[in-house]
Every structure is written in C-alpha cells, then in structure tokens.
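Here's the structure we're looking at; comments come further down.
What follows is calculated from the coordinates using simple rules that are stated; it is not laboratory data. Note that the coordinates shown come from a computational prediction; the quantities given were computed from them, not determined experimentally. Using ideal geometry, Cβ is built from the backbone for each residue, glycine included, and neighbour counts are taken over all protein chains shown.
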C-alpha cells in the first residue's frame, strides 16, 4: 500500500474517532454492500435477442461513443474491467434481452438455460445476478401496452414472459447462493388524455396477480415492482403509477422500486424512504441522475445521492434495501460510466457511514438545532477522501483518478478495435 495513503488514513481515523466514529467498522459495513450494476450501460440497451429492433417504451440513449459491446462475451469482458476498478463484490443486473444463446427464442419462451453462461461467469467472478423482464423494444409492445394491453392474446404473451423471468431469476439465486431481485417495469400508457384510467389499471393488477401466482423461495428470489411518472409516448397517463405500485406492493408483499428519475423534477426519493420503510417489507432503488427528469445521466456524488445514502444509514435501512444503478450514456466511454457511477454511489454510502448520526439525532432531540446544523456542516469537510483511498487500495483497486489510465488503455486495446473490425 502507498505509505502516503496509509498515513493519511491513520490521521483521518483519529479525527473521526474523536467523535466516536470507527472508520474500520464503517469500511467493514461498506464492504458488505452489494450494488446491482446494470448491464445495459455497456451496449446502449440493445441486448442480444433482437439487436435490430428499435428501442421503444420511452427509452432513448444518446451519443455514439465508439466501443459498445456487441456480444455477450464483449459485454462480460467490459464488466470485468469495470469491476476490477471498483472496490467490493457486487451484482450484475440483467434484462431478458441479454440472453446468451444461439437458439431463436421469443421472450415468453426464455428459460434458465438461455442464461447459463451468465451464471457460470458470475460464479467465476464471485458476483450475484439480478433480473428484469424486458417489456419494451418488441413488436408486441409497439403500441405502448404490455401487461395492461386490451387484447387478451397480447396480454397473455407478456404474462408468460414475466412468469418465465421469475423462474430465471429464481434459478440465478439458487445457483449463486444469494437472492435474485426480479423487477417488473412496464411502459404502458397513453400519449394523450385517456377516456378510461381505471380499466388499464384493473387489467395490470389482474395480470400481475397471474405473474406472481407461482410461489418461489425468497432465499433465492424476490419480486419488485417499479413505477414511472410519464414517458416518451405516455406523457398523459402511465398505467403503473407510483400510487398503483405502492398499493400493489404493500398489499402483496413485494419490494417497491423507487427510481430516482421516475418522479417530478423537484420530487426526491430520499424523502420517501423513511415513510415507505414503515410499511414495505423491502425497497429496491434504481439510482440514476435525472438532469432533466428521466434522462438517466451517469450517477455523480451530488446532493440527492448523498441524501439517499444518509437516509439509508440513519434509518438503518441498508439491510432492507437493494441498491441498483440505472443509467445509460452513449456519449462517453461505457466502462468509465460504470466506474464513475458505481464508485460515486459507494462514496456516498461511505460518507453517510462516517457521519456522527447519533450526535445529530441527540442534538435534534435536545432541541439544539444550532449543534445539529454546525456538526452537519463541519463534517462535510472531514477527510472522508482519505478513508476512501485507503479502502480502494486495500481492495486492490486504484485510488482516486488513477483508474482512468486503465480505462483509456482498455479503450485503445480492446474497445476501439471493435469498430475497426466492423468496418473491415
């Protein structure tokens, strides 16, 4: 270990210890947090089942930075490089369209065998897997409706796909020895004002009841449902609103997914965590950066990310919350996007773990709001960066921006030649 990094850590440890904060314990807690890193950043949400199918469901990726993964093997290689630069052991979040198979198979026909190479790879890498049915970018979703579709035959197709997805997720959990979270999100909605808001939601509820009818071992598999405010093509009405899924999740004991880009621009998910935690069995987070609503920018260490982390730590919600990332930026190196977003999320959690939460709570209970504000402000400049650098080096990954040289070398040697090979 770099002696300067070690020395800086010892000085920081003493400063935090003066307030009763054990930095070693904070790092131990951080090391147990598994972030679910989304595979779709690596190839702009194209997947491998229907690569020629145009993106739909309100999903849009901007930018044409060279080097996007074109095969499952390339995507796994890119993920390996990203994880080599991120401290800790984490999970990979797959969508159904990322099946690794030579078999021509539709979404409702998918089976665990079509993802076995992903499972074998995850075992080798010491990673977990999460899963999502892909209810978009498919001819049967072309009119903007899936599980709430008025045509029973189309609705049946999507019910079967989501049922198959749950079985795939359960197989992940069983083989990897850790629960797989399978999250259901559908883009269903109307571009203009609907005549009937109730019927689509009734159909969605009935479809979900069928999807979740098969009991699965919670040691292997957990269900989550995800809402959205509006989308491209569903500006006036989204069937699966926050109110719909909050009610459905609470009534049916499902994880409720909060995506930081799926609410009003001035509405934050950090303020929802404490309320939801009192009633929900668990929470799934999709952390992105909604610069202009659901724009899915790469996560950075901004105020809302810090507030999310603080709520999780101060409310002792880490054990009940599954943290996933969800952004897709095609304008920068895609491996770098993963590294920046994942490291930023871990930094936010570390900062929250290093705050004097008990002292702040006690000052608040005592009505000493002066101390509460003073401590909160002063701790913003405490040397958490020295603790982070130590954690990185202890974990065998580069501290600070040293990781960027590795990504640039990988880009030159691996990613850029992909485009050259395609042009030959």
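Under 28 Å from residue 191 (Cβ atoms), surrounded by 14 or more Cβ atoms within 10 Å (Cβ to Cβ) and in contact with a strand residue (DSSP E or B) (Cβ under 7 Å, 6 or more places away or on another chain), is that true of residue 242? It is false that residue 242 is under 28 Å from residue 191 (Cβ atoms), surrounded by 14 or more Cβ atoms within 10 Å (Cβ to Cβ) and in contact with a strand residue (DSSP E or B) (Cβ under 7 Å, 6 or more places away or on another chain). Can you confirm whether residue 191 is over 28 Å from residue 117 (Cα atoms) and in contact with a strand residue (DSSP E or B) (Cβ under 7 Å, 6 or more places away or on another chain)? It is true that residue 191 is over 28 Å from residue 117 (Cα atoms) and in contact with a strand residue (DSSP E or B) (Cβ under 7 Å, 6 or more places away or on another chain).
When you scan the stretch 106-116, do you find a residue that is touching a residue at least 40 places away in the same chain (Cβ under 8 Å) and in contact with a strand residue (DSSP E or B) (Cβ under 9 Å, 6 or more places away or on another chain), even just one? There is at least one residue in the stretch 106-116 that is touching a residue at least 40 places away in the same chain (Cβ under 8 Å) and in contact with a strand residue (DSSP E or B) (Cβ under 9 Å, 6 or more places away or on another chain). Among the residues in the stretch 245-257, are any more than 21 Å from the chain's Cα centre (by Cα) and free of Cβ contacts under 8 Å to residues at least 12 places away in the same chain? Checked against the condition, which is being more than 21 Å from the chain's Cα centre (by Cα) and free of Cβ contacts under 8 Å to residues at least 12 places away in the same chain, the stretch 245-257 yields at least one hit.
Could you go through the stretch 283-293 and let me know if any residue there is surrounded by fewer than 18 Cβ atoms within 10 Å (Cβ to Cβ) and touching a strand residue (DSSP E or B) at 6+ places or on another chain (Cβ under 7 Å). Walk me through how you get there before you give the answer.
Step one: list which residues in the stretch 283-293 are surrounded by fewer than 18 Cβ atoms within 10 Å (Cβ to Cβ), which gives 291-293.
Now narrow it down to the ones that are touching a strand residue (DSSP E or B) at 6+ places or on another chain (Cβ under 7 Å): 291.
Scanning the stretch 283-293 turns up at least one residue that is surrounded by fewer than 18 Cβ atoms within 10 Å (Cβ to Cβ) and touching a strand residue (DSSP E or B) at 6+ places or on another chain (Cβ under 7 Å).
Identify all residues within the stretch 317-342 that are closer than 26 Å to residue 221 by Cβ, in contact with a helix residue (DSSP H, G or I) (Cβ under 9 Å, 6 or more places away or on another chain) and surrounded by fewer than 22 Cβ atoms within 10 Å (Cβ to Cβ); write none if there are none. If the condition is that a residue be closer than 26 Å to residue 221 by Cβ, in contact with a helix residue (DSSP H, G or I) (Cβ under 9 Å, 6 or more places away or on another chain) and surrounded by fewer than 22 Cβ atoms within 10 Å (Cβ to Cβ), then 317, 318, 320, 321 are the ones that fit.
Which one is nearest to residue 94 (Cα to Cα), of the residues in the stretch 300-345 that are without any contact (Cβ under 8 Å) to a residue 24 or more places away in the chain and assigned to a loop (DSSP other than H, G, I, E, B)? Give the steps one after another, and end with the answer.
So the first thing to find is which residues in the stretch 300-345 are without any contact (Cβ under 8 Å) to a residue 24 or more places away in the chain, and the list is 302-303, 316, 319.
Going one step further and asking which of them are assigned to a loop (DSSP other than H, G, I, E, B), we end up with 302, 316.
Numbers: 302: 26, 316: 28 Å.
For the stretch 300-345, the residue satisfying everything is 302.
Of all the helices (runs of 4 or more DSSP H) wholly in the stretch 22-132, which have at least 2 residues that are in contact with a helix residue (DSSP H, G or I) (Cβ under 8 Å, 6 or more places away or on another chain) and surrounded by fewer than 16 Cβ atoms within 10 Å (Cβ to Cβ)? Talk me through it step by step, then tell me what you get.
Numbers: elements: 23-31, 72-83, 116-125.
Hits in the stretch 22-132: 23-31, 116-125.
Considering 182, 134, which residue is in contact (Cβ under 8 Å) with a residue 60 or more places away in the chain and under 14 Å from residue 93 (Cα atoms)?
On the way: 182 fails: in contact (Cβ under 8 Å) with a residue 60 or more places away in the chain.
The conditions single out 134.
On the given criteria, is residue 138 buried (at least 22 other Cβ atoms within 10 Å of the Cβ), under 29 Å from residue 232 (Cβ atoms) and out of contact with any strand residue (DSSP E or B) (no Cβ under 7 Å at 6 or more places or on another chain)? Don't jump to the end; show me each part of the working.
Numbers: buried (at least 22 other Cβ atoms within 10 Å of the Cβ): no; under 29 Å from residue 232 (Cβ atoms): yes; out of contact with any strand residue (DSSP E or B) (no Cβ under 7 Å at 6 or more places or on another chain): yes.
It is false that residue 138 is buried (at least 22 other Cβ atoms within 10 Å of the Cβ), under 29 Å from residue 232 (Cβ atoms) and out of contact with any strand residue (DSSP E or B) (no Cβ under 7 Å at 6 or more places or on another chain).
Only a single criterion out of (1) over 30 Å from residue 77 (Cα atoms); (2) in a helix (DSSP H, G or I); (3) in contact (Cβ under 8 Å) with a residue 60 or more places away in the chain; (4) touching a helix residue (DSSP H, G or I) at 6+ places or on another chain (Cβ under 6 Å) is not satisfied by residue 147, namely (2). Restricting attention to the stretch 360-402, the residues that are touching a helix residue (DSSP H, G or I) at 6+ places or on another chain (Cβ under 6 Å) and in contact (Cβ under 8 Å) with a residue 60 or more places away in the chain total 9.
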